[in-house]
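Here the structure comes first, spelled out in structure tokens, and everything after it is commentary.
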Amino acid sequence: MKKITTRARRSIKVINKTSEMQKISKKIRRRNISIGFVPTMGALHKGHISLIDIARKHSQFVVVSIFVNPTQFGPKEDFSNYPRTFNKDLDCLFEKKVDIVFAPTINEIYPEEYGTYIDIPDFSNKLCGKSRPTHFKGVCTIVAKLFNIVSPDIAVFGEKDAQQVIILKKMVKDLNFPVKIITGKIIREPSGLAMSSRNKYLTDKQKQNASIIYKTLKETEKKINNGERNIQNLKKFIRNGLLTKMDHPATAENELKIDYIEIINKDNLQQPKTLKGECLIAIAVWCGKTRLIDNITVNFNH
Ligand code: AMP
């Protein structure tokens, strides 16, 4: 990437104050200019960039937020260690000609007297919600707040966080947010590993072993296309792929530990009784101390 001077970096508009962001959005909307929004926690990679490109295609004015949201982390999770690369992120947003970066402080979003949270228990207690019981409450709350602050016409989210997309679409519908949610495909490393800010925690060996996640998902898709329709057989096949087919022998550091393997209906996050139509195969594994998620959509009607 081209080296960017501090001066160029400073020429990108960074807003820290909620009231200022709201004022700007109001002004833009009054001029009938559509706002596209990409919420992020920073430590940007090509996955984030792909969402910015989608926002640009669907709107005239692009806002990207960078906010490591404390309410979506559990007490024993990595909030304080989460990668923060703000200046590098600004360089990249400058290159993408993003119109505004909204980067509030924690106190701006959650002042001392803060007390309102949004939860969709039937959706947020499944899959990732089982091991991260407060995660989606934090996600819904921050996204609702950001929608009220940025007032976007469209907001773009990655399919990598499939459960998050399903939950946010429900929140938008249930609470009548005038925002259209658009999704972007999962961007992957050449090895197939889904890009993630948390991949920074992984060693090279861990990365190589973690690439078995996508390979296994693709193998499973093949099995389905060859006619397999038994959920238990499919889950066993995935489990076996994840645990026995890694490049490096499993050691305490680089073995994969399964958090969940689910085959679910995208509408309600429930496992269907019979497999037909489109379903989501979603996986969460621990690789050492890092939790990784991935998914593919498969069609059982083939
Ligand atoms: P995060 O910064 O991790 O909160 O992610 C911000 C947005 O980027 C979310 O909508 C994620 O789903 C999306 N995202 C993260 N990784 C990827 C990826 N590999 N491909 C596409 N979108 C992604």
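Of everything in the range 161-184 that is within 19 Å of residue 269 (Cα to Cα) and among the basic types (Lys, Arg), the residue that is nearest to the chain's Cα centre (by Cα) is 169. Scanning the range 45-59 for residues that are over 11 Å from residue 96 (Cβ atoms) and hydroxyl-bearing (Ser, Thr, Tyr) turns up just one, 59. Residue 118 fulfils the conditions (1) hydrophobic (A, V, I, L, M, F, W, C); (2) assigned to a loop (DSSP other than H, G, I, E, B); (3) within 16 Å of the chain's Cα centre (by Cα) except for a single criterion, (3). Just one of the listed residues (124, 65, 59) is buried (at least 20 other Cβ atoms within 10 Å of the Cβ) and closer than 28 Å to residue 271 by Cα, and it is 124.
Restricting the range 142-160 to residues that are part of a strand (DSSP E or B) and surrounded by 20 or more Cβ atoms within 10 Å (Cβ to Cβ), the residue that is farthest from the chain's Cα centre (by Cα) is 155. Within the range 161-173, take every residue that is buried (at least 20 other Cβ atoms within 10 Å of the Cβ) and free of Cβ contacts under 8 Å to residues at least 40 places away in the same chain and give me the one that is farthest from the ligand (Cβ to nearest atom). Among those residues, the one meeting the criterion is 168.
Is it the case that some residue within the range 204-224 is in contact with a strand residue (DSSP E or B) (Cβ under 8 Å, 6 or more places away or on another chain), more than 30 Å from residue 61 (Cα to Cα), of a type outside the set (D, E, K, R) and within 12 Å of the ligand (Cβ to nearest atom)? Among the residues of the range 204-224, at least one is in contact with a strand residue (DSSP E or B) (Cβ under 8 Å, 6 or more places away or on another chain), more than 30 Å from residue 61 (Cα to Cα), of a type outside the set (D, E, K, R) and within 12 Å of the ligand (Cβ to nearest atom), which makes the answer yes. Of the residues making up the range 236-245, one or more are among the polar types (S, T, N, Q) and away from the ligand (no atom under 12 Å from the Cβ). Screening the range 243-302 for residues that are among the aliphatic types (A, V, I, L, M), under 13 Å from residue 210 (Cβ atoms) and buried (at least 19 other Cβ atoms within 10 Å of the Cβ) and picking the one that is farthest from the chain's Cα centre (by Cα) gives 246. Scanning the range 71-80 for residues being surrounded by fewer than 11 Cβ atoms within 10 Å (Cβ to Cβ) and touching a residue at least 60 places away in the same chain (Cβ under 8 Å) gives a total of 0.
Computed from the coordinates by the stated procedures, all read-outs in this text should not be read as laboratory data. Everything numeric here is computed off the predicted structure, so don't read it as measured data. Don't worry about glycine lacking a Cβ; one is built from the backbone with ideal geometry, like all the others, and counts go over all protein chains shown.
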